[in-house]
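Dropping the structure in here first, questions after.
Nothing in this text is a laboratory measurement; each read-out follows from the coordinates by a stated rule. Computed from a predicted model, the values in this text were never measured in an experiment. Note: ideal-geometry Cβ built from the backbone for every residue, glycine included; neighbour counts use all protein chains shown.
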Amino acid sequence: MNAELILEYIDPQLVIVVPMLWGIGMAVKKSSIKNRFIPVLLLFCAWAVVMLHLMSTRLILDSRSVSAMLFAVVTQGSVVWLAAWLGYESLLKDREENR
């Protein structure tokens, strides 16, 4: 599975989150946080950004609206995170092959 295929499932307004996650990941990698925690941190960042986006674009009137928004946050955030992760892995693979 590649990142291009996964991008088809992402809301077009959220595609910009993918390179944002790359930048956050590179910044965190230079910090004292252990590498094994970076994917989880990036997943939470993706969920937070998707939640901010959905809260600014949807009207929340009742518990069904909240449930639908939380479902969208988890699914869209996870797909955005997966696209960022697979894209970054393929970038590293291409860089290694070109050496």
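Based only on other Cβ atoms within 10 Å, what is the fewest-to-most ordering of 33, 38?
The most exposed by this proxy come first: 33, 38.
To continue, here is another question. Can you sort 64, 99 from fewest to most other Cβ atoms within 10 Å of each residue's own Cβ?
Taking fewest neighbouring Cβ atoms as first place, the list is 99, 64.
Something else: What order, most packed first, do the peptides 82-92, 50-60 have when packing is the mean number of other Cβ atoms within 10 Å of each residue?
82-92, 50-60
Going by alpha carbons, how many degrees (0 to 90, nearest 10) lie between the helix axis of 63-97 and the longest principal axis of the chain?
The angle comes out near 10 degrees.
With runs of 4+ DSSP H residues as the only contributors, calculate the mean residue ellipticity of the chain at 222 nm using -39,500 (n - 2.57) per run, divided by the residue total and rounded to the nearest 500.
-25000 deg cm²/dmol
Determine the relative contact order of the stretch 15-97: mean sequence separation of Cα pairs under 8 Å and six or more apart, normalised by residue count, in whole percent.
For the stretch 15-97, the relative contact order is 40 percent.
Quick one: what Rg and Dmax do you get for the chain from the alpha carbons, in Å?
Values for the chain (Cα only, Rg and Dmax): 15.0, 55 Å.
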